[in-house]
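These notes are about the structure you will find just below.
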Amino acid sequence: MNKTLRKAFKFQLKATPAVSRQLANFAGGSRFVWNKALALNLARLEQKAPLLWYQELNFWATLWKQSDESGFLRELPSQVIQQKLKDLEKAFKDAIDKNQPLKRIPVFKKKGQRDSFRYPQGFKIDQEKSQVFLPKIGWVSYRNSRKIVGEAKNITVSRKGKYWYISIQTEYEAELLPHQSTTIVGVDMGIKQFATLSNGTVYASLNSFKAKANKLAKLQRQLKHKKKFSNNWKKVKAKISQCHEDIGNARKDYLHKVSTEISESQAIIVIEDLRVKNMSKSAKGNSEKHGNKVAQKSGLNKSILDQGWSMFATLLEYKQNWSNGSVLRVPAHYTSQTCPSCRHVAKENRLTQAEFVCVECGFSENADLVGAINVLAKGHVLLAGKQPSDRRS
Ligand SMILES: [Zn+2]
């Protein structure tokens with residue numbers, strides 16, 4: 001079987017000071033366009049007017065280019081501006097898409113924060129010479145660390161610190177071998193443990209980066225005692241942003257490690273469908289339906305947890321797609337309250353966060369493991385071609 005695979009190749013650019021200035025101008029112009037178009041749409045939301053989509057936004061951008069105030073946009077490749085507007089359109093579409101409850105209305109971009117722009121066409125790549133041709137800039141060398149495979153579809157230029165990077169997205173056809181494993185597993189994602197598998201494997205909580213979190217809290221206390229904008233205040237502020245970055249990186253590494261491990265050992269991974277569950281919303285109300293889990297969840301920083309889980313699901317899907325395995329999403333309802341032994345559903349089965357005790361048959365087990373087993377059972381039902389029901393007795 002053949003399949004179209006996508007892959008990204010990231011390299012550091014060897015940008016001269018002159019090229020760096022140009023890249024910074026392009027990134028700045030792209031940010032300007034994003035913010036200006038975003039402001040237009042936010043004003044329309046306020047007035048309950050329909051949003052402007054790509055075609056209309058592009059018309060506005062043409063006017064901005066002609067004005068004295070923002071004439072600097074004429075230096076940018078048109079396709080770079082158009083791509084930014086398309087990105088904004090997609091961000092708005094995702095935000096109003098009911099199937100993506102975790103997506104939020106796009107926000108303004110600040111200078112120096114994820115500066116980036118994309119060339120959808122017109123670029124060239126010379127792997128022999130380790131050079132890329134960027135329209136309106138010219139040939140730029142890059143640190144060639146690996147061979148680019150596939151047909152290049154677009155190039156994203158981004159800045160991190162003082163360095164510029166290119167990320168080349170490619171597509172190629174590949175023959176797929178069956179997944180190396182033949183097993184199926186259910187995953188329960190939780191607060192106390194990040195993930196529990198139906199085979200008993202447990203992955204510790206994402207919140208377990210205690211040392212770093214403590215350091216961050218300490219720095220934030222220090223900041224309060226410094227005079228605003230003084231040199232010491234700036235020093236602490238810089239340490240805080242470094243600390244945030246460290247924590248974010250540690251989280252990402254952890255999500256990568258766990259998803260790789262599960263993906264390598266399981267052909268089919270069954271997870272709860274968080275897109276439907278929308279954990280933030282469920283934690284706010286409806287305690288009747290969700291029982292004790294709600295109380296446990298409401299005190300935590302939900303957006304971070306939601307993001308962690310949704311990124312985890314995305315990574316699992318991405319990695320399974322690569323290895324020809326699969327990810328099944330099943331409805332999340334009652335997975336924590338159903339008895340795996342007699343199928344009795346009651347919130348009283350789950351009186352504590354840690355322990356599951358069935359009020360009907362007395363079956364008892366670690367609650368996260370019960371969740372994972374129930375998720376696996378729903379996966380089996382799905383594979384048998386039936387719709388998993390939310391059976392309540
Ligand atoms: Zn039971």
key: Residue list for the stretch 84-123, restricted to those being in a loop (DSSP other than H, G, I, E, B) and closer than 24 Å to Phe9 by Cα   = Gly112, Gln113, Arg114, Asp115, Pro120, Gln121, Gly122, Phe123
message = Taking the condition of being surrounded by fewer than 19 Cβ atoms within 10 Å (Cβ to Cβ), farther than 30 Å from Gln131 by Cα and among the aliphatic types (A, V, I, L, M), how many residues in the stretch 19-60 meet it?
response = 7
key: The lone exception for Ile269 - which of (1) modelled with pLDDT under 80; (2) within 23 Å of Phe356 (Cβ to Cβ) it fails   = (1)
key: Inter-residue pairs, beta-carbon under 6 Å, first assigned by TED's automatic domain parsing to the domain that holds Val375 and within 20 Å of Gly385 (Cα to Cα) and in the stretch 327-344, second at pLDDT 90 or above and within 13 Å of the ligand (Cβ to nearest atom), 6+ apart   = Thr335/Asn374
ask   = Tell me, which residue of the stretch 1-50 that is basic (Lys, Arg) and in a loop (DSSP other than H, G, I, E, B) is modelled with the lowest pLDDT?
value = Lys48
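Condition check ((1) within 16 Å of the ligand (Cβ to nearest atom); (2) open to solvent by 70 Å² or more (accessible area, probe 1.4 Å); (3) modelled with pLDDT of 85 or more) across all residues:
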residue: Ser282; (1), (2), (3): no, no, no
residue: Ser303; (1), (2), (3): no, no, no
residue: Lys319; (1), (2), (3): no, no, yes
residue: Gly325; (1), (2), (3): no, no, yes
residue: Glu355; (1), (2), (3): yes, yes, yes
residue: Cys358; (1), (2), (3): yes, no, yes
residue: Gly362; (1), (2), (3): yes, no, yes
remark   = Filtering the stretch 339-353 down to residues that are buried (at least 16 other Cβ atoms within 10 Å of the Cβ) and of a type in the set (Lys, Arg) yields Lys347, Arg350
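The values are calculated or read from the model by the stated rules, or taken from the named source; none is laboratory data. What you are looking at is a predicted structure, and each value in this text was computed from that prediction instead of being measured. Here Cβ is always computed from backbone atoms with ideal geometry, including for glycine, and neighbour counts include all displayed protein chains. These accessible areas exclude ligands, DNA and RNA; they are computed on the full protein's heavy atoms, side chains included. Shrake-Rupley method; radii C 1.70, N 1.55, O 1.52, S 1.80 Å.
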